[in-house]
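Take a look at the structure below.
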Amino acid sequence: MYQEFKNLDLPKIDEEMLRFWEENDIFHKSVNQRDPENHWVFYEGPPSANGMPGIHHVMARTIKDLFCRYRSMKGQYVKRKGGWDTHGLPIELSVEKELGITKEDIGKTISIADYNKKCREVVMRFKDKWDDITRKMGYWVDLDDPYITYKNDYIESVWWLLKQLYDKGLLYKGFTIQPYSPAAGTGLSSHELNMPGAYQDIKDTSAIAQFKVKGSEDEYFLAWTTTPLTLPSNTALAVGKNIT
C-alpha cells in the first residue's frame with residue numbers, strides 16, 4: 001500500500017523519505033543484498049570541495065544516480081565509490097592569494113610542507129556543504145571511504161597504471177604546443193584557461209613566415225599567423241585558390 005498525502009507538503013515528504021532511508025540503512029542494503037559476483041563498477045568522477053556545489057552538480061549527479069539505481073534494480077551489486085578531486089592550479093592560486101605569496105616564496109618564506117598543508121585544508125573547505133547537498137538530493141554514494149587524489153595510495157595507483165601501459169608499449173613520446181604560465185611555473189589545461197581573469201584584451205604583433213617551395217630556387221609560400229609559438233611544430237601548409 002502507498003501512503004496517501006492529503007495536504008501536499010513536498011519539503012516535509014522529502015525530509016521524511018530521507019530520514020526513512022537513513023534510519024533503515026536503505027542505501028547499504030541496496031548494495032549488500034545483491035550478489036557481489038554480479039557487480040557493476042561505479043567510481044564517481046570526483047568533485048572538488050574547494051568551491052560551493054551548484055545546480056550543474058545536482059544535474060550531473062542525478063544522471064549518475066539514475067544509472068546506479070537502474071543497475072541495482074536489475075539485481076546487480078553496485079558499490080558506489082565517492083571521491084574528492086584535490087589537484088589543480090586553482091587550489092594553489094587560491095592559497096597563494098590568501099597567504100599573500102607567490103610561487104617564488106615557496107621554500108623561502110613558507111616551507112613546502114606548510115604550503116602543502118594549507119592546500120589540503122583549502123581544498124576540503126566546503127566538504128560539509130557537499131555532504132549536505134549529497135544527502136538532501138538523495139544521491140547515494142559511499143563517502144565514508146572515498147578516494148582522495150592527494151593521498152599517496154591514489155597517486156601510487158596512478159603510477160602503477162602508467163607502468164602497466166608502459167610495459168605493454170602503449171605509451172609513446174611526442175611533442176605538443178601547450179599554453180604555459182610563467183607566474184604559475186606550469187602548463188595550463190583548457191579548464192584553467194577558462195578561469196576568470198585568465199584572458200585580457202591586448203594588441204599584439206602578427207607574424208608572416210616564409211615556407212620555401214620544395215624543388216624551387218627562390219619561391220616561397222607566405223603564411224600569416226598571430227601565434228608564432230606554433231611555428232616550430234608546423235609540418236604542412238594547406239594551400240588552395242579559395243583559401244584565404
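The values are calculated or read from the model by the stated rules, or taken from the named source; none is laboratory data. What you are looking at is a predicted structure, and each value in this text was computed from that prediction instead of being measured. Positions of Cβ are generated from backbone atoms using ideal geometry, with glycine treated the same way; all protein chains shown enter the neighbour counts.
Any residue at all in region 43-57 that is closer than 16 Å to W84 by Cα, modelled with pLDDT under 95 and in a helix (DSSP H, G or I)? Yes, that holds for at least one residue.
The lone criterion from (1) under 24 Å from V158 (Cβ atoms); (2) out of contact with any Phe, Trp or Tyr (no Cβ under 9 Å at 6 or more places or on another chain); (3) not basic (K, R) left unmet by E22 is number (1). Would you confirm whether or not region 166-182 contains a residue that is assigned by TED's automatic domain parsing to the domain that holds K64 and at positive phi? Yes: one or more hits. Is at least one residue of region 63-77 at pLDDT below 90 and part of a helix (DSSP H, G or I)? Looking for residues that are at pLDDT below 90 and part of a helix (DSSP H, G or I), one finds none in region 63-77, hence no. Taken over region 188-204, the criterion of being loosely packed, with under 10 Cβ neighbours inside 10 Å and of a type outside the set (K, R) is satisfied by S190, P196, G197, Y199, Q200, D201, I202, D204.
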